[in-house]
Amino acid sequence: MLRALFITFALGLAVTNNSAHAQVLKVAGPWEVTGIDPAQTGYVFSRLQVAETLVTADPEGKLIPALAERWSVSDDALTWRFTLRDEARFHDGTPVTAQAAAASLKRALSGVGVLSQVPIADIVSEGRDVVLRLEKPFSALPAYLVHFSTIILAPSSFDASGKVKQIVGSGPYKVASLTPPAKLELKDSGTWWGGKPSIAEVSYLAVGQGETRALMAESGEADLVFSMLPVSVDRLKENPRLDVKIATIPRTRILKVNAASVFFDDVEERQALSHAIDRVGITKVILRNPELAATQIFPPALKGWYASDLQPLGRDVARAKELLTEAGWTPGSDGILEQDGKRFSVTLLTYSSWPELPPIATALQAQLREVGIEIKVSVGNSSEIPARHGDGTLEIGLVSRLYSIVPDPVGTLLQDYGPGGSDWGAMGWDNQEIQGLVAKLAVTTNPTERAPLQRRAVEILQQELPSIPVTWSELAIVSSKRITGVQVDPLEVNYGLAAIRWAK
Amino acid sequence: MRNFLVARLMQAGIVAMVVGALCFLLMRVLPGDAAMRIAAGRYGPDARIAEAADKVRLELGLDRPVLLQFLEWLGGLLRLDLGHSLVTGAPVVDELQVQLGASVWLAASALLISLLIGPVIGIFSGLKPGGIADRTGLVGAVVFRAIPPFVLGLMLMLILSKQLGWLPPAGFGSPREILLPALTLALGLAAMSSRVTRNAVAAVAKTPYFAFARHKGLPEAIVVRRHGIRNAAIPVVSYLGLQAIYLVEGVVVVESLFAYPGIGHALVHAIVERDIPMVQGTALVMGLMFVAIAALVDAISLWLDPRFGRAA
């Protein structure tokens, strides 16, 4: 009995070992498939090219056609018309009709996704066109249609009650099998308008631990691995069988301060906080890449939003102390600042779903102590930041904020620095000028008209510091030399699997 | 036998009630807003959580009276309906099938591998207490029990996956992928069972009937097989029941390290995301598993040593 079992194991070992490497492209990443609703894990299906949006973005952030081959806006800027490709087919063989696309978008509009932030009056189909009518002009609309929650699914994806029961998309790959939350197997859909993918089968595995992902790359068990930890990157770079590609992505780790609290209501206090931070030290030690020290809120990857001539944020402890004195704080007996009998002692809330946040928080604790600010670090769940923003009890939070939720950061700015601030943006900070600028940006499409407005918005954020940038982020992708054609997409819209080939 | 089964079934029923009620209460008294947690679990931290949380609250009726929600769960349980996951929306039973199935395979493989290692070493160690085999076995047992499963798993990955390239470091679905996590658990289990076996064998080896078998000239292998194993097995089998607890503990860590979608992994996620039906379902299944394992251990002990039955 035992011998039989052993033989089975051994045979299994030999057989799977040979066949698995023959043709399947093995991909590993940290994202689990928890539920198949597009608003939940649409990004897995859009990045792995199972489902498509009407519009997509190239690695430079430029909007390019996807399911819609072109789009236009009426003179009054209220009607947008997206013309679908004639040759587009869903995986069940039915054509991608304007009705199906409109129905998918209507569903996205009513759910939890970015579309609910667009002033949409109506979505209808007219021939091959999907027509979106707006209540007021909104220039960033096509950028919102890049978001994964707006993927277009076939009518056969939904059950009678409108719930998604399977993903029937229109991309180069279709779902062969899905074992939530960890495994997704894909194969050539044979129906893609863009042609046949070079590799016919793809297997995706969700691997939560970064170390395990690194070992999968090193042992040759995965051909393409996403989101490597900084500590593994150096080691992987040394490996002759692997290629490491790194891109700075539009995600910034910021200190979200409560500008209505006695600690941060003066701009001098926020500037002092910024001067007290040793960003280069943090990025060198914790992130292993000093170039990630955030000198302003947006990283260079966000073209038109990164201003190279802006006075960079940096460390100046003496200036920090001066500014705090100007704001009325004086050192107490234990070195911690005081004002009217109140100690400068605040709780910094952060969360561990980004593993680097807690160590950064403790580094900040030590650095701010040097200027007389006492920080108590509290590590919780990511939902506590919005909760404490909501009830006004947040003092200071360390968060990781994505500025390319849609490829036009106007959407994120509109939320974060609009009246009342937002969960992940400003708190207790009310700036009429930036609100006016962002509102104007939201209706201006012409890039030359937008440029000075964008520049002024960034200047205000740099001067006023309603959120204090600490570090930028990077995306590290490791690929085996068995494959070629891997591209890093800093916006993480599409990983371009269909273009990957086996190396000769 | 019928009394035995009835008693165990009643025990299972009580476990179900207690586990369900406790989970429900504990999840309720945890600080923080459940709707926020669920929204973060569903839509990820980049979403507009506060807004999503309002929709979640409305959709799931989280503001209804607590007692009503608990009674609903209890009613569902009586109809063998564990409800739907608040995060994925899938029936809890469906999720448990995948995850429990995976975990049972993992635990069973680990137990099997550990039985191939632990008791064998234990028998050799116990036959000559204080000998080389015994002392080496002790050192091995101390080392493997002392290393946390997480570290042991990483070490095995480094050696067997990275250096030798024999086994994949993560994944599931084929026998190749179960071997590493199973081995990680098995080494910890074997560390303990080898010592228990060693003591049992040493005790049996000292008995007059064992000595008599040797005196009458039976070959050592036959002595051990006829008079040693069955007698020494009684404490080992009782101990296997306790090992189930080590397995459940270890499984949580090992599953997340090896990206193995088991019940431990599911429970941790469900707690973080405040997915009450999933927590209740998972805890319930785990509780019932303990009852089942205890029953099985008792049954095997009874078969190994009929005196227990007569005494009872």
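For this structure, a couple of remarks:
- q = 0.25, 0.31 Å⁻¹, region A:80-134: log10 I(q)/I(0) [Debye, one scatterer per Cα]: -0.98, -1.21
- Dividing the alpha-carbon radius of gyration of region A:302-354 by the rule-of-thumb value 2.2 N^0.38 Å gives 1.69.
- Under 5 Å, built H, 5+ apart or other chain: amide partners of A:Ala176: A:Glu185, A:Leu186, A:Lys187
- Accessible-area loss of 50 Å² or more (1.4 Å probe, protein heavy atoms, chain alone versus all protein chains) is found in region B:22-61 for B:Met36, B:Arg37, B:Tyr43, B:Pro45, B:Asp46, B:Arg48, B:Lys55.
- Of all lysines in the structure, the ones whose alpha carbon falls short of 27 Å from that of B:Lys206, not counting any fewer than 8 places away in one chain, are B:Lys128, B:Lys216.
- For peptide A:195-206, the mean count of partner chain Cβ atoms within 10 Å of a residue's Cβ comes to 1.
- Per residue, the accessible area of region A:353-504 comes to 35 Å² when a 1.4 Å probe rolls over the protein heavy atoms.
- Gap separating the Cα centres of region B:220-277 and region B:126-140, nearest whole Å: 25 Å
- Here is the size of region A:223-356 from its Cα atoms: Rg then Dmax, 18.8, 63 Å.
- The GNM of chain B, with springs linking C-alpha atoms under 10 angstrom apart, assigns the highest mean-square fluctuation among B:Thr207, B:Thr88, B:Thr197 to B:Thr207.
- Cut-off 20 Å (backbone N to label point 7 Å along Cα→Cβ of B:Leu164), residues of region A:208-244: A:212, A:215-222
- Averaged over A:374-386, number of beta-carbon atoms from partner chains that fall within 10 Å: 5
- For chain A, adding -39500 (n - 2.57) for each run of n ≥ 4 DSSP H residues and dividing by the number of residues yields -9000 deg cm²/dmol at 222 nm.
- Mean Cβ count within 10 Å, highest first, over the residues of peptides B:170-182, A:457-469, B:143-155: B:170-182, A:457-469, B:143-155
- Rounded to the nearest 10 degrees, the angle from helix A:357-369 to the longest Cα principal axis of chain A is 10 degrees.
- Lys, Arg +1 and Asp, Glu -1 on Cβ, resulting dipole of region B:132-261 about Cα centre, debye, nearest 20: 660 debye
- The mean accessible area for residues of chain B, using a 1.4 Å probe and ignoring ligands and nucleic acids, is 48 Å² per residue.
- Out of every Cα-Cα pair that the protein assembly as shown contains, those further apart than 54 angstrom amount to 20 percent.
- Across all C-alpha atoms in region A:207-272, the radius of gyration and Dmax reach 19.4, 55 Å.
- Estimated FRET transfer efficiency when R0 is 45 angstrom, pair B:Asp81-A:Gln365 (beta carbons, to 0.05): 0.40
- Rg/Rh for region B:158-312, where both radii come from Cα atoms and Rh is the Kirkwood radius: 1.10
- Annotation: amide H-H contacts under 5 Å for A:Tyr351 (H modelled 1.01 Å from N, sequence separation of 5 or more, or interchain): A:Gly380.
- The spacing between region B:21-88 and region A:57-84, judged by their C-alpha centroids, is 39 Å.
- Chain B: proportion of alpha-carbon pairs further apart than 26 angstrom, %: 58 percent
- A simple spin-label model places pseudo-atoms 7 Å from Cα toward Cβ; at B:Val104 and A:Ser72 they are separated by 6.3 nm.
- Cα-based helix-to-principal-axis angle, B:2-29 vs chain B, degrees rounded to 10: 40 degrees
- Surface share of carbon and sulfur [accessible, 1.4 angstrom probe, percent] for region A:425-504: 53 percent
- Per residue convex hull volume, Cα atoms of region A:375-421, in Å³: 89 Å³
- The amide H of A:Leu313, built 1.01 Å from its N in the peptide plane, has A:Gln296 as neighbours under 5 Å, considering only residues 5 or more places off or on other chains.
- Per residue, chain B reaches -25500 deg cm²/dmol at 222 nm when only DSSP H runs of four or more residues are counted, each adding -39500 (n - 2.57).
- Part-to-part distance (alpha-carbon centres) for region A:389-457 and region A:204-281, which is given in Å: 23 Å
- Over every Cα atom in region A:347-504, the radius of gyration and the widest Cα-Cα span, Dmax, amount to 19.3, 61 Å.
- Base-10 log of normalised Debye intensity for region A:19-87 (one unit scatterer per alpha-carbon) at q = 0.25 Å⁻¹: -1.12
- Pairwise FRET efficiency - A:Ile64 versus B:Leu30, Cβ, R0 = 51 Å, nearest 0.05: 0.65
- Calculated P(r) of region A:429-470 - Cα pairs past 11 Å, %: 66 percent
- Counting only alpha carbon atoms, the long axis of helix A:2-23 and the longest principal axis of chain A meet at about 80°.
- Modelled this way, with points 7 Å down the Cα-to-C-beta line, the labels at B:Ala221 and A:Arg288 are 5.3 nm from one another.
- For region B:48-177, diffusion coefficient by Stokes-Einstein and Kirkwood Rh (Cα), 20 °C, 1.002 mPa s, µm²/s: 107 µm²/s
- Förster-model FRET efficiency, 25 Å R0, A:Glu459 and A:Asn239, C-beta, rounded to 0.05: 0.05
- Treating each Cα of region B:165-229 as one equal point scatterer and applying the Debye formula with no solvent, the log10 of I(q)/I(0) at q = 0.21, 0.24 Å⁻¹ comes out as -0.81, -0.94.
- Calculated from backbone phi, Karplus (6.51, -1.76, 1.60) coupling profile of region A:245-255 in Hz, x at Gly/Pro: 10, 10, 9, 7, 9, x, 10, 10, 8, 10, 8
The values are calculated or read from the model by the stated rules, or taken from the named source; none is laboratory data. Predicted, not measured: the structure shown is a model, and the values here were computed from it. So basically every Cβ, Gly included, is an ideal-geometry build from the backbone, and we count neighbours across all protein chains shown. Just so you know, the surface numbers come from the protein's heavy atoms only, side chains and all, with ligands and any DNA or RNA stripped out. Shrake-Rupley method; radii C 1.70, N 1.55, O 1.52, S 1.80 Å.
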